[in-house]
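Notes follow the structure.
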């Protein structure tokens, strides 16, 4: 019987590079040997609290060293990690706890306002990690995992797990109803971190990686944390992202690898204006949402780097494709499939089978390979809809060109149908992002009595921009886009609603403008 555990990512790094700094946060730095020892101590404490192999353990922890300590502690104990989005309400978090069947909640002391009521509502025990919480006179607070762990001997090593055992359950954002728990196996997670670090990207053990993506999110967790530990790099954690804070930290710690979503790249560009002390970025990776080509070009010029844009989903561990040094970079695309993964274009309107399309044809992006999840937790119907003929249906529309580069056109659900014509918001956003006054833009469809739907651009202006009106932006875009594509409505906002992973929430924009 073969065995495999995601805990081996940290265990092996500690064996090979014990004295190397593994992680840095605002409170200090830990070597690989110390971080693994602490994870084994946490694992023993979790066992003492009743966690057994296969049990789900929820983590409510920000981007501090307590996250990898607890994460690998749960894995070492044989548990299944359930990362909780930190911007959920207690009621929403309670749903995740109930649906996942969590046996325990590990909550950072600074987030007890979220974790404690969620755990109470779901009827799940809670322990804290991190600094001792400030308590009112006479208050006792929850048990601390550090104290429990100190009362027992640490585990000698991690628990035995099989490759297809669950390792992590990521909860989707729930754009089509209740969030679903995507079950990722040890094989999924280990291989995705390994391929990202050793094949898809030019990652190196000498890298110093900024960990500003939320670690509870699949991008930050797999590509950032697990990828860095898999190759033995150093991860520098930033608990709350702003452009200024990120630049200051990168310069101070000598960060040379940045992973981010498009809104983070925009924030870094804004914060970099007028600064001379910019980080020297050897490797920049974008994912999570489509990166406007205008932003890519501006960032590459300002930071003298090359952004490698990739693509993936929670259900694909996450990385499925990326621009790779081996194939070269093509702006406006998501590159080629990673090693061991197939990505094709299928007929989007056929639901019950996969019909692959030819070069250049528009259809739904479908994926198969070692990165595809084991299914939605407790939801076989949703799993059967998502995985057809062995392919995972992404819900994204795209094309593949003659050189194998894949481009995303848009989400199937985000298409605007104006007067019977399909309009893809991504195409309109790419054009508007090139206007000198536009900082951020998101395009949605809004109800219209004449055309069914009308194209609406929601725009955040650059702070140093010359004055621009709604009509002048409409007139400008009319010259750049087809008659059925240019926006007839423009709304200016100070910011755009963002999800926990810093992606623009189009459903929230639709609600705000309805």
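Do we find that residue 419 is over 21 Å from residue 332 (Cα atoms) and either free of Cβ contacts under 8 Å to residues at least 12 places away in the same chain or over 29 Å from the mean Cα position of the chain (by Cα) (or both) in this structure?
Here the answer is yes, as residue 419 does meet what is asked.
Would you check which residues across region 286-315 are in a strand (DSSP E or B) and touching a helix residue (DSSP H, G or I) at 6+ places or on another chain (Cβ under 6 Å) and list them?
307
Any chance region 160-168 includes a residue that's within 21 Å of residue 48 (Cα to Cα), surrounded by fewer than 16 Cβ atoms within 10 Å (Cβ to Cβ), modelled with pLDDT of 95 or more and out of contact with any helix residue (DSSP H, G or I) (no Cβ under 7 Å at 6 or more places or on another chain)?
Yes, some residue in region 160-168 is within 21 Å of residue 48 (Cα to Cα), surrounded by fewer than 16 Cβ atoms within 10 Å (Cβ to Cβ), modelled with pLDDT of 95 or more and out of contact with any helix residue (DSSP H, G or I) (no Cβ under 7 Å at 6 or more places or on another chain).
Quick one: which of 187, 215, 191 is crowded, with 18+ Cβ neighbours inside 10 Å, at negative phi and touching a helix residue (DSSP H, G or I) at 6+ places or on another chain (Cβ under 8 Å)? First the steps, then the outcome.
Details: 187 fails: touching a helix residue (DSSP H, G or I) at 6+ places or on another chain (Cβ under 8 Å); 191 fails: touching a helix residue (DSSP H, G or I) at 6+ places or on another chain (Cβ under 8 Å).
Of the residues listed, the single one that is crowded, with 18+ Cβ neighbours inside 10 Å, at negative phi and touching a helix residue (DSSP H, G or I) at 6+ places or on another chain (Cβ under 8 Å) is 215.
Out of 224, 288, I need the residue that is within 20 Å of the chain's Cα centre (by Cα), within 30 Å of residue 374 (Cβ to Cβ) and modelled with pLDDT under 95. Which one? Walk me through how you get there before you give the answer.
Details: 224 fails: modelled with pLDDT under 95.
When all the criteria are applied, what remains is 288.
Can you pull out every residue in region 99-124 that is within 18 Å of residue 50 (Cα to Cα), touching a helix residue (DSSP H, G or I) at 6+ places or on another chain (Cβ under 7 Å) and outside any strand (DSSP E or B)?
If the condition is that a residue be within 18 Å of residue 50 (Cα to Cα), touching a helix residue (DSSP H, G or I) at 6+ places or on another chain (Cβ under 7 Å) and outside any strand (DSSP E or B), then 119, 122, 124 are the ones that fit.
Is there any pair linking a residue in region 467-494 that is under 15 Å from residue 416 (Cβ atoms) to one that is assigned to a loop (DSSP other than H, G, I, E, B), with Cβ under 7 Å and at least six apart or on different chains, and which?
These pairs meet every condition: 477/486; 477/487; 484/419.
Can you tell me which residue is surrounded by the fewest Cβ atoms within 10 Å (Cβ to Cβ) among those in region 316-330 that are within 21 Å of the chain's Cα centre (by Cα) and part of a loop (DSSP other than H, G, I, E, B)?
323
The values are calculated or read from the model by the stated rules, or taken from the named source; none is laboratory data. Here the structure is a predicted model, which means the values were calculated and not measured. Cβ atoms come from the backbone with ideal geometry, glycine included; neighbour counts cover every protein chain shown.
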